[in-house]
Amino acid sequence: MSLNLDPNLVDPDGFYQALLDAHEGLDAAQSAEFNARLIFVLANQIGDPELLAQALEAAK
Amino acid sequence: MTMQDRYPIAFQLYPYQRSADQDAKAPVTHPVVVVGGGPIGLATALDLGLKGHPVLALDDHEGVGQGSRAICFVRRTLEIAHRLGAGAEMLAKGIVWQKGRVFHDSDEIFEFDLLPEDGHRCPAFINLSQIHFKKFLVEAIERANADCAKIEIRGKNRVDAIDPGKDETVVDISTPDGSYQIKANWLIACDGARSPIRDMMGLGFDGRVFEDNFLMADVKMTADFLTERWFWFEPWFKSGSSALLHKQPDDIWRIDFQLGWDIDREKELKEENVRNRVDQMLGGKVEYELDWCSIYTFQCRRMEKFCHGRVLFAGDSAHQVSPFGARGANSGIQDPENLAWKLDLALRGHAPETLLHSYDEERLAAADENILNSTRSTDFLTPKFEASKKLRDAVLTLAARHRFARPLVNSGRLSVPCVYDSLSGFGPDAIVTPKRTRPDAPATDAPLADGYLLDKLGGGFTVIGFGTSIPSAQNIEGLHVAGLTIDEISPETRERYLGDEASAVYLIRPDQYVVARWAEYDKGKIASAIRQAIGKDNKCP
């Protein structure tokens with residue numbers, strides 16, 4: 001199985017806004033911490049080590 | 001008494017003329033008075049005039065102001081203009097486009113092709129200056145008047161005060177010859193984002209102001225750039241934190257630069273400074289003239305409601321959006337489209353005045369949808385805080401490498417007509433598919449054996465039978481209801497209206513929205529749906 005790099009978000013604009021809302025009011029350090037936690041939550045949803053390795057590569 | 005223009009005039013279209021109302025002993029009463037001579041005011045006057053009502057439009061200027069402002073007009077707007085008799089000129093003059101490119105710094109992140117669907121009378125978009133858009137509406141008004149409409153536009157007639165009553169509003173008007181009074185049974189305020197009428201009534205206009213300034217310049221040059229929308233985030237030429245280049249007719253190009261919040265407006269508007277920015281963008285090798293420029297800040301806000309007794313608000317006076325997505329004029333023009341037929345039926349006594357509540361309900365929903373989209377685009381373009389800038393830049397970086405991130409890039413989501421999902425006055429939906437032409441949605445154009453579907457719809461309610469026969473005219477609830485039988489089903493018509501059904505019957509409102517649909521014709525069901533659509537079956541108190 002390979003990482004899906006085609007558009008897959010059902011509502012891209014809605015997700016982007018939700019992400020901004022989540023960061024609203026945080027300072028830079030708090031935002032970085034929030035992002036770190038979010039990465040682990042999403043990584044757990046993916047689960048597959050091969051996909052996660054590809055995701056790490058895609059984000060470099 | 002002299003009246004100073006607030007802006008220079010490009011075309012003088014309706015010079016001041018003394019009217020008999022100014023010499024009348026008592027204020028003359030007009031059934032419908034439109035305040036404002038912009039695209040929305042003129043469309044309102046034209047639509048109601050074509051429906052047979054005498055309309056008086058008041059404009060404090062004598063024609064169309066310089067500066068093109070709105071430039072992108074979408075299919076729905078052109079369809080409305082066609083119904084009003086102004087579409088052909090707009091299509092002939094406008095520039096059709098469908099492709100665009102998005103850049104970050106000096107890299108092209110991606111290009112897009114809006115791949116317009118075949119089988120429509122109107123293209124997905126044209127670029128046309130607001131100057132011409134308005135001029136064509138005035139010409140359509142002149143043609144309508146030659147054909148018995150009674151639409152009067154009074155130039156240099158400025159509304160100074162209004163006194164709204166239950167049945168009529170007293171209007172104080174200034175002219176170069178002094179002031180006079182009239183009365184309006186209905187007053188429609190299309191007097192722009194700074195609406196003096198709204199202020200006179202002490203009504204609020206709340207929302208968000210975006211802390212950024214945009215320099216808009218219209219540049220005249222003969223350049224062989226493509227007819228595409230080019231958008232730069234953080235452009236390499238450093239003329240702004242974003243930039244846009246888009247072609248208009250007559251060798252005019254619209255250029256936008258995002259300047260930031262703390263700027264010296266006067267300094268930025270100096271020709272040499274505007275030229276510096278344009279030179280940086282164009283590489284300094286291109287000859288051009290500056291046709292017009294202005295600096296804007298953007299706001300997304302709306303009135304709490306648009307109907308205040310017999311004073312109604314439409315267009316920018318009622319709701320304002322940032323320009324990304326071309327949702328200002330294009331959504332504004334749908335207000336009179338929605339309003340005119342309802343006011344027409346109320347004026348004729350065919351529908352209760354409470355039908356106008358649905359104007360509020362439907363256009364408030366549309367305003368909220370437009371404000372949401374426009375706010376999201378502006379948030380992407382002008383990140384408010386450090387983390388949002390980081391997220392935005394991450395999207396741009398990823399979009400250059402991976403297709404998945406492209407839908408997240410937001411330089412404007414182009415205006416589409418609102419679907420009034422779950423609002424009252426629609427239904428039933430007895431065939432369920434196709435989804436795009438469901439009740440609450442605008443009817444989609446389709447090619448017929450002899451022309452286009454939307455051209456066949458008149459000014460009233462229409463019943464369309466696809467593959468089933470419909471009486472060509474009937475009287476329902478005191479209304480003339482037209483019938484249209486379509487026997488030859490093109491592939492587009494099947495896809496847009498029939499799906500898997502052998503036949504389908506659609507009831508269409510005068511503003512070309514689908515009210516209800518069934519597999520077969522049943523006059524009783526149609527009558528019931530019409531009663532609901534004109535507010536006669538209102539179950540709520």
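The values are calculated or read from the model by the stated rules, or taken from the named source; none is laboratory data. Just so you know, these numbers come straight off a predicted model, no measurement behind them. Note that we place each Cβ from the backbone using ideal geometry, even for glycine, and neighbour counts take in every protein chain shown. Surface areas here come from the heavy atoms of the whole protein model, side chains and all, with no ligands, DNA or RNA. Shrake-Rupley method; radii C 1.70, N 1.55, O 1.52, S 1.80 Å.
Among the residues in segment B:381-399, are any closer than 24 Å to B:Val74 by Cβ, touching a Ser or Thr at 6+ places or on another chain (Cβ under 7 Å) and either in the same structural domain as B:Pro439 (by TED's automatic domain parsing) or not in a loop (DSSP other than H, G, I, E, B) (or both)? Yes, segment B:381-399 has at least one match.
Being part of a loop (DSSP other than H, G, I, E, B) and touching a helix residue (DSSP H, G or I) at 6+ places or on another chain (Cβ under 6 Å) is the filter here, so list the residues in segment B:206-237 that pass it. B:Phe237 - this is the single residue of segment B:206-237 that is part of a loop (DSSP other than H, G, I, E, B) and touching a helix residue (DSSP H, G or I) at 6+ places or on another chain (Cβ under 6 Å). The residues in segment B:368-409 that are facing chain A (nearest Cβ under 8 Å), farther than 18 Å from A:Ala59 by Cβ and of a type in the set (Gly, Ala, Ser) can be counted, and the count is 1.
The condition (being away from every other protein chain (no Cβ under 12 Å) and not in a loop (DSSP other than H, G, I, E, B)) is satisfied by just one residue among B:Asp421, B:Asp360: B:Asp360. Mind checking which residues of segment B:311-359 are charged (D, E, K, R) and surrounded by fewer than 21 Cβ atoms within 10 Å (Cβ to Cβ)? Selection gives B:Arg348, B:Glu353.
Looking across segment B:243-264, just one residue is open to solvent by less than 10 Å² (accessible area, probe 1.4 Å) and either part of a loop (DSSP other than H, G, I, E, B) or acidic (Asp, Glu) (or both), and that is B:Gln248.
When segment A:2-50 is filtered for residues that are touching a residue at least 24 places away in the same chain (Cβ under 8 Å) and either part of a helix (DSSP H, G or I) or at the interface with chain B (Cβ under 9 Å from one of its Cβ atoms) (or both), the ones remaining, listed by number, are A:Leu5, A:Glu50. Summed over segment B:267-325, residues that are outside any loop (DSSP other than H, G, I, E, B) and either within 29 Å of B:Leu414 (Cβ to Cβ) or in contact with a Lys or Arg (Cβ under 7 Å, 6 or more places away or on another chain) (or both) total 30.
Only one of the listed residues (A:Leu42, A:Leu5, A:Leu26) is touching a His at 6+ places or on another chain (Cβ under 9 Å) and open to solvent by 50 Å² or more (accessible area, probe 1.4 Å). That residue is A:Leu5.
The residues of segment B:100-136 that are open to solvent by 60 Å² or more (accessible area, probe 1.4 Å) and either in contact with a His (Cβ under 8 Å, 6 or more places away or on another chain) or in the same structural domain as B:Ala449 (by TED's automatic domain parsing) (or both) amount to a single one, B:Arg121.
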